[in-house]
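*Asks:* Here it is, the structure in full.
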Amino acid sequence: MKVLLGLSVWTVYGGVVVVGAASESSDTTRKLDQTPTWAVAGICAVIIIISILLEKILHKVGTWFTEKHKKALFEALEKVKAELMILGFISLLLTFGQSYIAKICVPQDVAGTMLPCKKEGSEKSSSTEGEHRRALLWFDRRFLAGAESAVKCKDGYEQLITVEGLHQLHILIFFLAIFHVLFSVITMTLGRLKSRAWKRWELETLSHDYEFSNDPSRFRLAHETSFVRAHTSFWSRIPFFFHIGCFFQQFFSSVSRSDYLTLRNGFITVHLAPGSKFNFRKYLKRSLEDDFKLVVGVSPVLWASFVIFLLLNVNGWQSLFWASIIPVIIILAVGTKLQVIMMKMALEIKDRHAVVQGMPLVQGSDRYFWFGRPQLLLHLIHFALFQVQYGVLHRY
């Protein structure tokens with residue numbers, strides 16, 4: 001693991017341990033045997049120390065998760081380690097295979113197809129090179145400059161991809177994976193912060209006032225309950241306005257007190273004995289950790305989507321626009337669907353009973369979700385989160 005973590009950190013430095021730095025003002029590169037030993041040893045020491053510290057930190061975090069019996073978070077941490085291993089293998093393959101890949105030559109007419117930017121003349125491109133450099137790729141572009149200049153293709157042929165291009169791809173893949181983990185952690189943190197408001201409502205269920213206000217022997221009209229009133233209106237019966245209203249409602253309402261208490265009551269009634277003292281908030285926190293275990297990983301499907309967007313990133317195809325707009329559409333569709341589910345449950349309560357005894361009973365079911373698969377929503381959020389990062393990195 002330490003070796004693979006070292007390879008992951010290696011991607012940041014662009015393989016400076018393997019090659020000597022090239023001077024911008026010089027046509028020749030200084031090889032490793034012409035580099036001072038203190039420079040080589042110092043850089044190696046820094047990379048090794050960072051790798052060992054990273055491995056120790058991950059080990060300590062994993063031990064803490066085990067001691068706190070947080071199995072889902074421990075498995076999520078294992079997925080992060082697996083992602084670092086993949087980055088290590090990618091770094092290894094690109095570093096030792098780039099000299100061979102750079103020697104592959106293709107006809108010029110083939111090399112000029114499906115370009116992400118307009119092909120400019122050599123003089124114009126050299127004069128405007130500084131203007132078009134991406135902020136993400138501000139790293140030293142002189143990496144293996146000698147190897148690139150040594151590649152010669154016969155007349156009518158060009159390199160399939162240059163060493164500099166491989167180096168840029170190297171950095172893009174590294175930052176894509178790292179940003180995905182960071183964005184997933186931020187999403188998890190925001191979810192935990194949101195659930196803090198539910199702690200007050202959970203403690204409220206232990207009070208005598210709650211037991212009195214939700215007396216099981218008390219009868220009320222269904223349309224007068226807080227949950228039904230919050231999720232039904234005069235336009236709820238009209239299919240067109242029903243979905244339009246759910247779309248806009250997601251921007252103004254989140255999980256309210258009546259939503260939390262009603263869903264809690266429905267869960268306890270179905271899975272436990274009525275009136276059981278059950279901490280519904282802790283159950284939701286564990287469920288959030290289980291979802292985080294899925295979201296933090298980069299599945300083969302996500303890597304495939306990344307490759308497809310790279311393929312379709314052709315000048316004039318507006319692929320960056322679609323890479324940015326598709327996640328927004330997915331998130332809005334998921335938010336609308338969740339509002340639709342809440343409203344359908346409220347309408348079923350209203351249609352099923354004119355009068356309810358105690359708190360209204362919701363009946364959760366997979367049939368409310370697309371294709372009867374609740375996990376599909378989580379996979380869509382996972383995909384949207386990954387695509388947002390690709391769009392952000394592509395802009396820079």
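*Asks:* With respect to L144, determine if the residue is modelled with pLDDT under 85, open to solvent by less than 100 Å² (accessible area, probe 1.4 Å) and touching an Asp or Glu at 6+ places or on another chain (Cβ under 9 Å). Step through it out loud before you land on a result.
*Replies:* Values: modelled with pLDDT under 85: yes; open to solvent by less than 100 Å² (accessible area, probe 1.4 Å): yes; touching an Asp or Glu at 6+ places or on another chain (Cβ under 9 Å): yes.
So L144 fits the description; yes.
*Asks:* Restricting to the stretch 232-248, what's the tally of residues that are open to solvent by less than 80 Å² (accessible area, probe 1.4 Å) and over 25 Å from the mean Cα position of the chain (by Cα)?
*Replies:* Kept after step one, since they are open to solvent by less than 80 Å² (accessible area, probe 1.4 Å), are these residues of the stretch 232-248: 232-233, 235-236, 238, 242, 244-247.
In the following step, the residues that additionally are over 25 Å from the mean Cα position of the chain (by Cα) were identified as 232-233, 235-236, 238, 242, 244-246.
Total meeting the criteria: 9.
*Asks:* Mind listing whichever residues of the stretch 28-50 are modelled with pLDDT under 85 and assigned to a helix (DSSP H, G or I)? Even if it seems obvious, please write down each step before you answer.
*Replies:* Keep residues of the stretch 28-50 that are modelled with pLDDT under 85, which gives 28-35.
Within the stretch 28-50, L32, D33, Q34 qualify.
*Asks:* Output the residues belonging to the stretch 80-122 that are farther than 29 Å from G316 by Cβ and over 26 Å from the mean Cα position of the chain (by Cα).
*Replies:* T95, F96, G97, Q98, S99, Y100, K103
*Asks:* On to the next question. Of all the residues that make up the stretch 277-307, how many are farther than 30 Å from T262 by Cβ, assigned to a helix (DSSP H, G or I) and of a type in the set (V, I, T)? Talk me through it step by step, then tell me what you get.
*Replies:* Within the stretch 277-307, the first condition is being farther than 30 Å from T262 by Cβ, and the residues that meet it are 296-307.
Filter once more, so that each one left must be assigned to a helix (DSSP H, G or I): 300-307.
Subset that is of a type in the set (V, I, T): 301, 307.
Result for the stretch 277-307: 2.
*Asks:* Now for a separate question. Which is assigned to a helix (DSSP H, G or I), among the aromatic types (F, W, Y) and over 30 Å from Q159 (Cβ atoms), of F74, F96?
*Replies:* Checking each option against the conditions leaves just F74.
*Asks:* All but one of (1) surrounded by 13 or more Cβ atoms within 10 Å (Cβ to Cβ); (2) touching a helix residue (DSSP H, G or I) at 6+ places or on another chain (Cβ under 7 Å) hold for W303; which doesn't?
*Replies:* (2)
The values are calculated or read from the model by the stated rules, or taken from the named source; none is laboratory data. Owing to the predicted nature of the structure, the values given are computational and were not obtained by experimental measurement. All Cβ positions, even for glycine, are placed from backbone atoms using ideal geometry, and neighbour counts span all protein chains on display. Heads up: the accessible areas ignore ligands, DNA and RNA and are worked out on the full protein's heavy atoms, side chains in. Shrake-Rupley method; radii C 1.70, N 1.55, O 1.52, S 1.80 Å.
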